[in-house]
Amino acid sequence: MAVNNPFARKRRHLGEHAAEWTIRIVASFSILVIFLIFIFVFREASSLLTSKSEPAEQPTTNVVATTDDRPEIYNPDSGPEPGSVTTTTTVVKDSDKPEVYNPDVTMVGMDEPVVTTTSIVTLDDRPEVYNPDSGPEPGSVIAAAAAPYEAHEQPTLWDNITSNVWQPVGENPKFGVWPLLIGTLKTTLIAILIGAPLGILAALYSAFFAPRKLREVLKPAIELLAGFPSVVIGFFCLTTVASLLQDITGSQFRLNALIGGIGLSLAVIPIVFTIAEDALSAVPKTLREASLALGSTEWQTAYRVMLPAAAPGVFAAVLLGVGRAFGETMIAIMATGNAPLSSWSPATPARTLAATIGSEMGEVVWGSEHYGVLFLLGIFLFVVSFGLNALTELYVKQRLIKKFQGA
Amino acid sequence: MAKELPVKIHTRDFSFFYSEKQALHGIGIDIYENRVTAFIGPSGCGKSTFLRSINRMNDLIDGTRVTGDMIVDGVNVYDKDVDVVTLRTRIGMVFQKSIPFPKSIYENITYGLTLNERPSKADLDNIVEGCLRRAALWDEVKDRLHHSAVGLSGGQQQRLCIARAVAVNPEILLMDEPCSALDPISTGKIEELITELKDQYTIVLVTHNMQQAARVSDYTGFFLMGRLIEFDRTRTIFTSPSIKETEDYITGRFG
Ligand SMILES: Nc1ncnc2c1ncn2[C@@H]1O[C@H](COP(=O)(O)OP(=O)(O)O)[C@@H](O)[C@H]1O
Ligand SMILES: [Mg+2]
């Protein structure tokens, strides 16, 4: 009956099916992996924000300690175990010294009171020390837990995070993120102020002015630069650029935000160039011809017709450049001086968010407050990068549609 | 010819090369002032190449070169001391597939005017209105001058491109198949426009539509394989061509 139906589904080969399924599986796997990474990052930081799960983990950790005679608190995943409360206190007593690995204990105090505090806390199953919002609640237990805490004159976590000093290691760890935010903004701004104009100008040149032969060399060469290991760029800035700039400006700090910004701009330029060049080349050639036929010069055509026509793409290029500068780690560690100062001056060292995570995550105590704060910074980085990319995507689509289909 | 008309464009033994490929062979032609001259011929015969040689748009293509003379108003436009930019302000061009600049209708018209000088707002307003009226577009767009030109219909866009070319006040208008992408009504409007414009401009029109050439042009040139086979008054070409290839093409025997 349907033998001659021209729209009948053709029977496909087994190989085709296999290929299709492979692609599907690989794609879903990679998407899954990305999600798992997100979940991991959020979960690690969540210990800071939620206090419920925290105490449950606490006793277990110490139980393990009793058996092994060494604290094993590196394992943040160990589940809660009931009935371990008493053991906990004993262990702490026996060792007669604070569990340095245990962030909770360290937080609370370094001597005798520790024992009492912990026991109370664990018994009641809710130490509110981590919760910055812990309000006054009826029940003397909380008050008891809070008492030694305030005795050490430690601010709440939120106050700590919004303070002006980043000094995560020490007796009184300070997790003020302002210096990091300022450092990030400062270096990103410098990187974009240098990188975006250079990248766009280079793209204009390559798209409209360069002879074809030169263009064929120029484009891949700059694109190769995008794949340049950032540690090499960082090293280059750390040695050559830093010395050169200090000779010229005679600045007090050899490594500073300006050097960092220059280093980051080296990473930003190829991205801005590549995407802006693609956007400019995608503008219909007829626009260029029409403009030239009206008696405009190449430059007038480039910046009055082609650049505005490619504006969404060029804007996207700059946004992605910002994203790169914002998230770049190695150059930021090597070339900025990496000191968390809250100064807006480009001549002082800076420390970026990414650099902080990059340089501190390796040595941080697992599960500690410091650890949580670093993950919190990571989430912030992720959200901003994600936001930038989303903005790019949405903005570009909207504007392109408006521009070439009329509105 | 009864009366000697002033010659605007004159070529002598003009040849054109794309790298190795020769696209035009020894073209000699006189294009008269304030007349419409049409070029017809099968596609690939070099009509566009010839048109684009007049305002040197072919310079944009790498590796092209010319021999012979292309003389506009007594000056060889390929002379060393000729400024291409000035040349192009005097020779306007309308393309087959010219999309308006992604700007407002108003800015599309004023673009060419504001390249080198800054006319007053009042002057610009006047010129915009004048050009749009001349392109028979004013009534359709006068209420949305500051809206994007990309929203116009195809026929309106092409008339806008004509208005844009007219705005810089050229002496010659080159049109490369300006109606080939348009519907019959828009085509009719543009043909009307061409006849109206010819008292002010010398118009050179490339078309693959022989009826169009017959309707709007005063002179017609027939191109074949990069050669100008025959050039004469349009009436003569269409009623009693003197060369057999022309007759074959016109009567539809090939092409
Ligand atoms: N950019 C170019 N590079 C090389 N050859 C071209 C180019 N443009 C046109 N040609 C060749 O030149 C000849 C004439 O083309 P063209 O002037 O566009 O013809 P027409 O406009 O009459 O259809 C054709 O054979 C075409 O292949
Ligand atoms: Mg053509």
Residue among B:Ile194, B:His25, B:Gln96 farthest towards the positive dipole end of chain B, charges placed on Cβ
B:Gln96
Between rounded, prolate and oblate, where does segment A:311-384 land on the alpha carbon gyration tensor, with a ≥ b ≥ c its root eigenvalues, rounded for a/c under 1.5, else prolate if a/b exceeds b/c?
oblate
Size of charge dipole - segment A:178-405 - debye, nearest 20, with Cβ of Lys, Arg +1 and Asp, Glu -1, no other charges
760
Packing-ranked peptide list from A:223-229, B:8-14, A:287-293, highest mean Cβ count within 10 angstrom first, is A:287-293, B:8-14, A:223-229
Rounded to a whole number, what % of the accessible area of segment A:178-405 do carbon and sulfur atoms account for, probe 1.4 Å?
72
Occluded residues from segment A:245-289, i.e. those whose accessible area drops by 40 Å² or more once the chain is not alone (1.4 Å probe)
A:Thr286, A:Leu287, A:Glu289
Segment B:157-222: GluC sites (Glu not before Pro) in DSSP coil with no more than 10 other Cβ atoms inside 10 Å
none
Order B:Arg233, A:Arg351, A:Arg304, most accessible first, counting only protein heavy atoms with a 1.4 angstrom probe.
B:Arg233, A:Arg304, A:Arg351
Working out 0.36 nm times the residue gap between A:Leu185 and A:Tyr303, then minus their Cα-Cα distance, what length gain in nm do you get to one decimal?
39.6 nm
Obtain the nm distance between the two label points defined at A:Leu394 and B:Asn169 by a simple spin-label model: each point lies 7 Å from its Cα along the Cα-to-C-beta direction.
4.9
Going residue by residue through segment B:28-43, the Karplus relation 6.51 cos²θ - 1.76 cosθ + 1.60 with θ = phi - 60° gives ³J(HN,Hα) values, rounded to whole Hz and with x marking Gly or Pro, of x, 8, 10, 10, 8, 5, 6, 10, 9, 10, 10, 10, 10, x, x, 5
Accessible area, probe 1.4 Å, largest first, for residues B:Ile61, A:Ile25, A:Ile269, A:Ile259
A:Ile25, B:Ile61, A:Ile269, A:Ile259
Viscosity 0.890 mPa s, 25 °C: Kirkwood-radius Stokes-Einstein D of chain B over Cα pairs, µm²/s:
130
Once amide H atoms are built 1.01 Å from N in the peptide plane, which residues 5 or more positions from A:Phe175, or in another chain, come under 5 Å H to H?
A:Gln167
Segment A:187-237 shape via C-alpha gyration tensor axes, a/c threshold 1.5:
oblate
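Can you run the Rg to Rh ratio on segment A:153-252? Use alpha carbon positions and the Kirkwood inverse-distance Rh.
Checking Rg against Rh, the ratio lands at 1.18.
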From the square roots a ≥ b ≥ c of the eigenvalues of the alpha-carbon gyration tensor of segment A:178-405, which class results: rounded (a/c under 1.5), prolate (a/b over b/c), or oblate?
prolate
Could you sort the residues of segment B:123-155 by number and keep only those whose accessible area is reduced by 50 Å² or more in the all-protein-chain setting relative to the chain alone, 1.4 Å probe?
B:Val150
Which parts of segment B:164-194 would a label at B:Gln211 reach, counting a residue when its backbone N lies under 16 Å from a point 7 Å out along Cα-to-Cβ?
B:179-192
For the table A:Lys186/A:Lys285; B:Lys198/B:Lys244; A:Lys397/B:Lys103; B:Lys103/B:Lys189; B:Lys8/B:Lys47; A:Lys285/A:Lys397, the rows whose alpha-carbon distance is greater than 29 Å are A:Lys186/A:Lys285; B:Lys198/B:Lys244
Between A:Phe235 and B:Glu196, the two model label points (7 Å from Cα along the beta-carbon direction) sit apart by a distance in nm of 7.2
What chymotrypsin sites (Phe, Trp or Tyr not before Pro) does segment A:361-398 have in DSSP loop regions with at most 13 other beta carbons within 10 Å?
A:Trp366
Given the protein chains as shown and a 1.4 Å probe, how many square angstrom of A:Glu298 are accessible, to the nearest 10?
50
Given a 1.4 angstrom probe, I'd like the percentage of the accessible area of chain B that is carbon and sulfur, rounded to a whole number.
47
Give me the residues in segment B:54-85 whose solvent-accessible area, probe 1.4 Å, is reduced by at least 20 Å² once all protein chains are included instead of the chain isolated.
B:Met57, B:Leu60, B:Asp62, B:Val85
Could you point to the residue in A:Asn389, A:Ala293, A:Ala350 farthest towards the positive end of segment A:178-405's charge dipole, with +1 and -1 charges on the Cβ of Lys/Arg and Asp/Glu respectively?
A:Ala293
Taking each residue in B:95-105, count the Cβ atoms of any other chain within 10 Å of its Cβ, then average. What number comes out?
5
Quick one: dipole size for segment B:167-237, taken about the Cα centre, charges +1 on Lys/Arg Cβ and -1 on Asp/Glu Cβ, in debye to the nearest 20.
200
Chain pair A, B: total accessible area buried, heavy atoms, 1.4 Å probe, Å²:
2200
Between the alpha-carbon centers of segment A:287-329 and segment A:332-399, tell me the distance in whole angstrom.
29
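The values are calculated or read from the model by the stated rules, or taken from the named source; none is laboratory data. From a predicted model like this one, the values you see are computed outputs, not experimental measurements. Using ideal geometry, Cβ is built from the backbone for each residue, glycine included, and neighbour counts are taken over all protein chains shown. The accessibility values were calculated without ligands, DNA or RNA, using every heavy atom of the protein model including side chains. Shrake-Rupley method; radii C 1.70, N 1.55, O 1.52, S 1.80 Å.
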